[in-house]
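Enquirer: This is the structure I have questions about; it appears just below.
The values are calculated or read from the model by the stated rules, or taken from the named source; none is laboratory data. None of these values were measured; they are calculated from a predicted model. Note that we place each Cβ from the backbone using ideal geometry, even for glycine, and neighbour counts take in every protein chain shown. Protein only, heavy atoms only, side chains kept; ligands, DNA and RNA dropped before computing areas. Shrake-Rupley method; radii C 1.70, N 1.55, O 1.52, S 1.80 Å.
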Amino acid sequence: KKVKDWIEAFKTTAIFLDLKDEFILGGLLGRGNFAKVHSCTRQSDPDGQKYALKTIEKSGIKKCKRNIQSVLMEIDILRTLKHPFIIKLHEVYESNKYIHLVLCYLDGGELFERIKSR
């Protein structure tokens with residue numbers, strides 16, 4: 001139990017490497033200039049809780065120093081925010097080509113599309 005508690009506490013600051021060992025990738029939810037968002041579930045979760053997995057291509061952000069700083073700032077801000085009305089960042093994974101952010105899954109589509117429709 002103490003090891004699990006330690007790992008949970010460590011997730012708020014660490015960057016992990018083995019995303020494919022932890023999660024099963026689902027359907028595409030959205031995409032941006034350098035990122036795609038998929039649904040995913042944790043392999044070890046018997047209830048199959050959904051998460052949103054934002055995958056950022058390093059090759060896209062490396063072209064501009066401002067993009068790199070924006071991604072790092074996004075991660076830092078999401079790690080510090082703890083509010084029921086703001087999306088929660090659960091974990092960060094990194095590989096040679098990608099940065100993966102495991103976020104709360106929110107139903108209802110893209111916020112931008114909802115704003116445009118009104």
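Enquirer: Out of ILE115, ILE68, ILE77, ILE86, I need the residue that is closer than 21 Å to ALA9 by Cβ and either assigned to a helix (DSSP H, G or I) or of a type in the set (Ser, Thr, Tyr) (or both). Which one? Please lay out each step first, then the result.
Expert: Numbers: ILE115 fails: closer than 21 Å to ALA9 by Cβ; ILE68 fails: closer than 21 Å to ALA9 by Cβ; ILE86 fails: either assigned to a helix (DSSP H, G or I) or of a type in the set (Ser, Thr, Tyr) (or both).
The conditions single out ILE77.
Enquirer: Further, regarding this structure: List pairs: first residue in the stretch 94-118 and closer than 23 Å to ASP76 by Cα, second residue at pLDDT 85 or above and among the aromatic types (Phe, Trp, Tyr) anywhere in the structure, Cβ distance under 6 angstrom, at least six positions apart or on different chains.
Expert: HIS100/TYR93; VAL102/TYR51; TYR105/TYR51
Enquirer: Which of the following residues is free of Cβ contacts under 8 Å to residues at least 40 places away in the same chain and over 19 Å from ASP107 (Cβ atoms): ILE15, ILE61? Walk me through how you get there before you give the answer.
Expert: Working: ILE15 fails: free of Cβ contacts under 8 Å to residues at least 40 places away in the same chain.
Criteria check complete, one pass: ILE61.
Enquirer: Taking the criterion of being surrounded by 11 or more Cβ atoms within 10 Å (Cβ to Cβ) and among the basic types (Lys, Arg), would at least one residue in the stretch 96-104 satisfy it? Spell out the reasoning first.
Expert: Step one: filter the stretch 96-104 for residues surrounded by 11 or more Cβ atoms within 10 Å (Cβ to Cβ), giving 98-104.
Among the residues that remain, those that are also among the basic types (Lys, Arg) are: none.
No, the stretch 96-104 contains no residue that is surrounded by 11 or more Cβ atoms within 10 Å (Cβ to Cβ) and among the basic types (Lys, Arg).
Enquirer: Take the residues in the stretch 29-45 that are open to solvent by 70 Å² or more (accessible area, probe 1.4 Å) and either under 15 Å from CYS104 (Cα atoms) or touching a residue at least 12 places away in the same chain (Cβ under 8 Å) (or both); name whichever of them is farthest from the chain's Cα centre (by Cα).
Expert: Only one residue fits best here, namely SER44.
Enquirer: Going through GLY60, GLY108, GLY48 one at a time, which residue ends up being of a type in the set (Gly, Ala, Ser), farther than 30 Å from LYS4 by Cβ and assigned to a loop (DSSP other than H, G, I, E, B)?
Expert: Just one listed residue meets the conditions, GLY108.
Enquirer: Kindly indicate whether LYS65 is loosely packed, with under 11 Cβ neighbours inside 10 Å and not small (Gly, Ala, Ser). Spell out how you get there, then give the answer.
Expert: Numbers: loosely packed, with under 11 Cβ neighbours inside 10 Å: yes; not small (Gly, Ala, Ser): yes.
For LYS65, the condition - loosely packed, with under 11 Cβ neighbours inside 10 Å and not small (Gly, Ala, Ser) - is met.
Enquirer: So if I check each of LEU101, LEU29, which one is aliphatic (A, V, I, L, M), in contact with a Lys or Arg (Cβ under 6 Å, 6 or more places away or on another chain) and not in a loop (DSSP other than H, G, I, E, B)?
Expert: Every option except LEU101 fails the conditions.
Enquirer: Do you know which of the residues in the stretch 46-62 that are among the basic types (Lys, Arg) and out of contact with any strand residue (DSSP E or B) (no Cβ under 6 Å at 6 or more places or on another chain) is surrounded by the fewest Cβ atoms within 10 Å (Cβ to Cβ)?
Expert: LYS62
Enquirer: Of all the residues that make up the stretch 1-28, how many are at pLDDT 85 or above, open to solvent by 80 Å² or more (accessible area, probe 1.4 Å) and closer than 28 Å to LYS65 by Cα?
Expert: Total satisfying the criteria: 1.
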